[in-house]
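**Student:** One structure, pasted below without further comment.
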Amino acid sequence: MENINLFLPEIFLVLTILATLMIGVFFKNSYNLVTKIVYGILVSLILIILNSFDESFKLFSDSYTSNSFTNFFKILILIGTFFILIITQKFIKENKINNFEYPVVLLLSVLGMFIMISANDLILFYLGLELQSLALYILASLDRNNLKSNEAGLKYFILSALASGLLLYGCSLLYGFTSSTNFDVIGLKANTKNLGAIFAMVFILVGLAFKISAVPFHMWTPDVYEGAPSSVTSFFAVVPKVAGIAVFIRFMQIPFNQLADHWQTILIFISLASMILGAVAAIGQTNIKRLIAYSSIGHIGFALAGISTNSVSGYSSSIVYISIYVVMNLGIFACIFLMKRDGKYCENLKDLSGISKHHPILSISLLIILFSLAGIPPFAGFFAKFYIFMSVIESKMYTLAIMGLLSTVISAFYYLRIIKIIYFDDVNKPFDKFKDLGISTTLLLSSLILATFFVYPSYLNILVKTLIIN
Amino acid sequence: MLAHTFFFYFFSIISVGSALMVITSRNTVHAVFFLILDFISIGCLFIMIGAEFLGMIMLIVYVGAVAVLFLFVVMMLNVAEQKQSWFRGREKSAHIPVGLIVSIIILAEVLVVVGGWKYKSNFIKTEMLAVDGNLTNTHMLGNVLYTQYIHLFQVAGVILLLAMIGAIVLTYTKRQGVKTQSYFTQLSREKKTSIKLVEVDSNKGVKIDG
């Protein structure tokens, strides 16, 4: 008899989702209450996972795995979701999309990501992926009276369903050519002589690259980010990417272990293309949400560059990168939720012009976050990029390193342009004054972490390396 | 054995006959009803060859969901009377050549499949399917679905729940200003609060809602 207790985070999550759903239905206007309960659920989940952090085991005839690697990613997802709920609370209420279903659907997508990360079996992986994606479609079209939000939801749904179809096709081919859905067995059987498995791997890579919006499967990103309500965009930009990178690493390490030569070429191309497109296409953007969409494409490119080296230092550097990416994006979205003028949330770059006169603290935090996004020392973003390039150069992939550095320089242009708009352009009307403890704490925490990371930069790297070696 | 043959011919004649009626009947609603009859008799045939799970699923999914959905669509679109039916209509339909080509291709494919069946032992290893004669299909499915794959079954359930939540969130609107019956206030009304006795002067009347 397998010990079901080891499956505890997922079981706890399912039961609490059902309970919050009932609470939401039976109390009227229960958005506030449900959100508070969801905070509690997220915090207790973090504690549950920390409780058995280092235990490594497999359940359900090896189709579910849990070890320190998956636990690290689960905690990262929980932290991201927690802070996003905090910073979006006010925005949601003011835009009258405060259905109690919003936090519940958010939790369901977290459940999907948990299953996806822990899956050691193609069927379970696919179910987790679908659970997560279905929740995201609903979230994208949550503001249903807004035409743009509807468009975003529909666009994301159709394109993502297509990508899921391709991924499923790859899964069925992989099952056909290795006669197993278990990752470990596939890892043994899918070698370079197994041509069908290589063919299947390409399809699975396409599906996964779509989910983390890597070039050339990025087309949906700017439209969906712009159309969806800002609260949902912030979730899209942070949490699913973490899950996507975790799944990428798991796939490359376990089932496609022996096919490294083949997937490395593909990943190098995807990562190069994402870095360059993320840098070049963001230059012309005037909408902040679109700009963040392109910048996130670029950042995913850097994270994938680390994975494409297929070395321990490469994997750990991309995990460090995605962790710092979460902190930076939480910070920048906290700023977006502070930018409200005459009762409306601003989304354009020119709304930022000259805000340093009226809002010195907001501008200095934006300065820190943008410098960090651009990868300028001594902020955390620099160390993230530094580790990536170190591992890439160690693996002697000089072209990738040079192109990556060049695209960093190009992308620095548009980050610095925002800083120029904030500090040196004509003074605009001040933003509305409002106090929100959650948003300011998040912003403060994010800028503090980014600004003080240089004190002991190798801490995270060492932590992550021990995770992978376990 | 005789009963078995009798039932087989009974259900197959019904299914073939109703399939013909589906494509020939003028009234689309009737066609959908014949489609349901066809599904039911095919479900019975499945049960006769021992695939009782497939038969029941046929009933639940095709009859219970798909055919009833067709019926709804037909009734909503109001296309009950079909004008062009190529058996009986006087006008010639332009779709017949295309339909014939497609059906000839399908017939050829069926022939290829039937021909290939002769060599099936070469590429399908039936011994992989470890069928236990004592257990029914439903038992066998249940044995793996609720033990080895219980977590997948549960996750699939959660996905369905999420789909339901999503449908409600995205379509349910609370309409403003709708007058509904409130049983509680209705029943809790008393004579004192609802009846007012007024003395009416002649030629003056009373103000209603006053």
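Each reported figure results from applying straightforward, stated rules to the coordinates on display, with no laboratory input. Predicted, not measured: the structure shown is a model, and the values here were computed from it. Using ideal geometry, Cβ is built from the backbone for each residue, glycine included, and neighbour counts are taken over all protein chains shown.
**Student:** Evaluate the relative contact order of the range A:4-469 (contact order divided by residue number), counting alpha-carbon pairs under 8 angstrom at least 6 apart; express in whole percent.
**Tutor:** 14 percent
**Student:** Hey, can you rank A:389-400, A:215-226, A:232-243 by average C-beta count inside 10 Å, highest first? List each step's numbers first, then the result.
**Tutor:** Numbers: A:389-400: 17.1, A:215-226: 21.2, A:232-243: 25.5.
The peptides rank, most packed first, as A:232-243, A:215-226, A:389-400.
**Student:** Also: List the aspartates and glutamates whose Cα lies under 13 Å from the Cα of A:Lys357, skipping any in the same chain that are fewer than 8 positions away.
**Tutor:** Candidates past the 8-residue exclusion: A:Asp425, A:Asp426.
**Student:** Also, quick follow-up: Cα to Cα, under 28 Å, and not fewer than 8 places away if on the same chain: which lysines meet these conditions relative to B:Lys179?
**Tutor:** Cross-link targets: A:Lys28, A:Lys93, A:Lys96, B:Lys191, B:Lys192, B:Lys196, B:Lys207.
**Student:** Follow-up. Ranked by Cβ crowding within 10 angstrom, fewest neighbours first, how are A:Ile204, A:Ile361, A:Ile322 ordered?
**Tutor:** Values: A:Ile204 23, A:Ile361 12, A:Ile322 26.
The most exposed by this proxy come first: A:Ile361, A:Ile204, A:Ile322.
**Student:** Shifting gears a bit: Among A:Tyr459, A:Tyr156, which comes first, then next, by fewest other beta-carbon atoms within 10 Å?
**Tutor:** Least to most surrounded, the residues fall as A:Tyr459, A:Tyr156.
**Student:** Let me ask something else. Under the definition of partner shielding as Cβ atoms of other protein chains within 10 Å of a residue Cβ, what is the mean value for peptide A:127-138?
**Tutor:** Rounded to a whole number, the mean comes out at 4.
**Student:** Another question, if that's okay. Sort A:369-382, A:405-418 for me by packing, meaning the mean count of neighbouring Cβ atoms within 10 Å per residue, highest on top. Working shown, then result.
**Tutor:** On the way: A:369-382: 23.4, A:405-418: 17.1.
Per-residue Cβ counts within 10 Å, averaged per peptide and sorted highest first, yield A:369-382, A:405-418.
**Student:** Can you give the average number of partner chain beta-carbon atoms within 10 Å of each beta-carbon in peptide B:147-154, as a whole number?
**Tutor:** If you average over the peptide's residues, the count of other-chain Cβ atoms is 5.
**Student:** Give the cross-link partners of A:Lys385 among the lysines, using a straight C-alpha distance below 18 Å as the criterion and excluding same-chain residues fewer than 8 apart.
**Tutor:** Candidates past the 8-residue exclusion: A:Lys241, A:Lys396, A:Lys465.
**Student:** For peptide B:165-176, compute the average count of partner chain beta-carbon atoms within 10 Å of each residue's beta-carbon.
**Tutor:** 4
**Student:** Over the range A:316-470, what is the relative contact order in percent, taking alpha-carbon pairs closer than 8 angstrom and at least six residues apart? Could the numbers behind the result be given before it?
**Tutor:** Values: 173 pairs, mean separation 64.7, N = 155.
About 42 percent, as a whole number.
**Student:** May I ask you to order A:70-78, A:254-262 by the average number of other C-beta atoms within 10 Å around their residues, highest value first?
**Tutor:** Peptide ranking by packing, descending: A:70-78, A:254-262.
**Student:** Taking a ≥ b ≥ c as the square roots of the eigenvalues of the Cα gyration tensor of chain A, is the shape rounded (a/c under 1.5), prolate (a/b larger than b/c) or oblate?
**Tutor:** oblate
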